[in-house]
2 protein chains.
Amino acid sequence: MNIVLLGSGNVATHLALALRAIGENIVQVFSPNLINAKALADRVDSAYINNLAQINTDADLYIISVKDDAIVEVARKLADVNGLVVHTSGTTDIKVLSTEVKHAGVFYPLQTFSRTKSVDFKTIPLCLEANEASQLELLQLLATRLSNKVYQLDGEKRKVLHLAAVFACNFTNHVYALASQILNANGLHFDIIRPLIAETADKVMADLPENVQTGPAIRQDEGTINKHLTMLADLPELQEIYQTLSDSIKLVHK
Amino acid sequence: MNIVLLGSGNVATHLALALRAIGENIVQVFSPNLINAKALADRVDSAYINNLAQINTDADLYIISVKDDAIVEVARKLADVNGLVVHTSGTTDIKVLSTEVKHAGVFYPLQTFSRTKSVDFKTIPLCLEANEASQLELLQLLATRLSNKVYQLDGEKRKVLHLAAVFACNFTNHVYALASQILNANGLHFDIIRPLIAETADKVMADLPENVQTGPAIRQDEGTINKHLTMLADLPELQEIYQTLSDSIKLVHK
């Protein structure tokens, strides 16, 4: 398949590398920043452009992987292409594309991508949507070669998934950061808590989190909770989060 | 070394199995519930009792691994023993023991233990404290055979560590549970989000969480934040947590 990739950020980069690894042909990489376009294009043996007027109009698939609020602007320049145009956003409606292009779809990888850390694409859930059955089939054929976890989800369910992902990834990482802040303020290294973080995640790989909750809040251990709130007296934001999350644990498990 | 284990819960069980695995001699397991005492004792070739009057007074080490508020009550029955008496609690002061027994210490494994899931003890941080240098040395000799991560920490630092662990483990798991609740309410299975949870934890194994934060809050993406708050209108507790954690991310990264 001939693929044009529009974007050069973390999602675009990891996706491009995974597509190249299964032998797909990335014919063009677009980025408004030519240096970024070239950097990614060089890694996947592709041409590169920073001007959408130069877009290759004969590709089979156009993957828009840019910031959510820039998607529509890019899509507008793809009005004339006959290939399928997809975005990779969890929150953006397919209509944002289908009002601009001939064939629209969504190709949403549910994962957190880092600039430097490689990921095994086979384990990444790929959430697909398309307006036409033939286009959905094309996406499914591609997705099942990239990953073992392919889902067909409509826009509403995809948005729910993205919301859940904010809790499971963004908020989780921030709670790690708050633990790091507490350790740091007391001369302790984050390293000491890494095995606990790894095991906490590992426990829910084969069980549901509601079945493995531990700690003072679920034990209704008010003595420990009050000691902790006192220790956080100088960090009122953390004190509020401690209180809010402890109350929520008690409520869920009452 | 001859060891008496007081307790039969998750910490006591995993610790007993790890001690047995390195060839230590568990001479007695105590639990107020004789069935629980026997169940653990049978797994580590030990005698068992449910009456502290029958305690073996000749052991080298007594490990009290019971609920925090039951520690002092157990320690009182060990006033006559000459061996070292330790507890395994993150929040309990060493003084709770040292006012009751001849030689007091702390042996705190920083990990979340499940009844059924095995853990590699070699990776578990063991936090040690003792009133006497010779007793600390005894604990260190034992701990370094059990784990590659042995720390000597005073009670204040251990309490800070326990507080950080509530964030990194208990609150993290609860945030997973909230994601599960959102998915469940919309007919989506928790399985779809497991790879994201695994990667989110894996990312902070080699980096600090404050360096790898992603999501709408750090991007100051108010459009997405407001959409998410609207989606949570029927779940006001989750809405409050979403708002509180998003505000905290913005504050830390401003």
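Derivation of every value follows stated rules applied to the coordinates shown; laboratory data play no part. Not measured: the values here are computed from a predicted model. Here the Cβ is made from the backbone with ideal geometry for all residues, glycine too, and neighbour counts use every protein chain on show.
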So for B:V96, A:V72, fewest C-beta neighbours within 10 Å to most, what's the order? A:V72, B:V96
Distance between the C-alpha centers of segment A:133-206 and segment A:13-51? Whole Å please. 26 Å
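Summarise the partner chain shielding of A:97-108 as one whole number: the mean count of Cβ atoms from other chains within 10 Å of each residue's Cβ. Numbers along the way, then the final one.
Details: counts 0, 0, 0, 0, 0, 0, 0, 0, 0, 0, 0, 0.
Going residue by residue through A:97-108 and averaging, the value is 0.
Going by C-beta contacts inside 10 Å, put A:T244, A:T200 in order with the fewest on the left.
Values: A:T244 17, A:T200 27.
Fewest-to-most ranking of A:T244, A:T200: A:T244, A:T200.
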Partner shielding of A:213-221, as the mean number of partner chain Cβ atoms within 10 Å, equals 5
log₁₀ of I(q)/I(0) at q = 0.11 Å⁻¹ - segment A:1-142, Debye sum with one point per alpha carbon: -0.34
Can you give me the long-range amide H partners of B:N2? Hydrogens built in the peptide plane at 1.01 Å from N, cutoff under 5 Å, separation of 5 or more residues or another chain. B:D60, B:L61
If you line up the long axis of helix B:194-203 against the longest principal axis of chain B, both from Cα atoms, how many degrees apart are they, to the nearest 10? 70 degrees
Among B:R115, B:R76, B:R219, which one shows the biggest mean-square fluctuation in a GNM of chain B, springs joining Cα atoms closer than 10 Å? B:R219
Using θ = phi - 60° and the Karplus form 6.51 cos²θ - 1.76 cosθ + 1.60, what ³J(HN,Hα) does each residue of segment B:237-248 get, whole Hz, x for Gly and Pro? 5, 5, 4, 5, 5, 4, 5, 4, 6, 5, 4, 5
One point scatterer per Cα, no solvent, Debye formula: log10 I(q)/I(0) for the protein assembly as shown at q = 0.10 Å⁻¹ comes out as -0.81
In the structure shown, do any of B:K227/B:K254; B:K122/B:K254; B:K38/B:K77; A:K102/A:K159 have a Cα-Cα gap over 31 Å, and if so which? B:K122/B:K254
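By average Cβ neighbour count within 10 Å, what is the ranking of B:180-189, B:79-88 from highest down? Please list the in-between numbers first.
Values: B:180-189: 16.8, B:79-88: 20.3.
Ranked by mean Cβ neighbours within 10 Å, highest first: B:79-88, B:180-189.
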Averaged over B:180-191, number of beta-carbon atoms from partner chains that fall within 10 Å: 5
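Determine the sum of side-chain charges near A:G23: Lys and Arg each +1, Asp and Glu each -1, restricted to other residues whose C-beta is under 12 angstrom from that of A:G23. All intermediate terms of the calculation are to be shown ahead of the outcome.
On the way: positive: A:R20, A:R145; negative: A:E24, A:D45.
Local charge sum for A:G23: 0.
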Mind listing the phi-derived Karplus ³J(HN,Hα) values for segment B:29-39, rounded to whole Hz, using 6.51, -1.76 and 1.60 with θ = phi - 60°, and x for any glycine or proline? 10, 10, 8, x, 9, 5, 5, 5, 4, 5, 4
Taking the Cα atoms only, what angle lies between the long axis of helix B:222-231 and the longest principal axis of chain B, rounded to 10 degrees? 70 degrees
Taking B:F107, B:F121 and counting other beta carbon atoms within 10 angstrom, the fewest-first order is B:F121, B:F107
Given springs between every Cα pair under 10 Å in a Gaussian network model of chain B, which of B:S118, B:S31, B:S147 has the largest fluctuation? B:S118
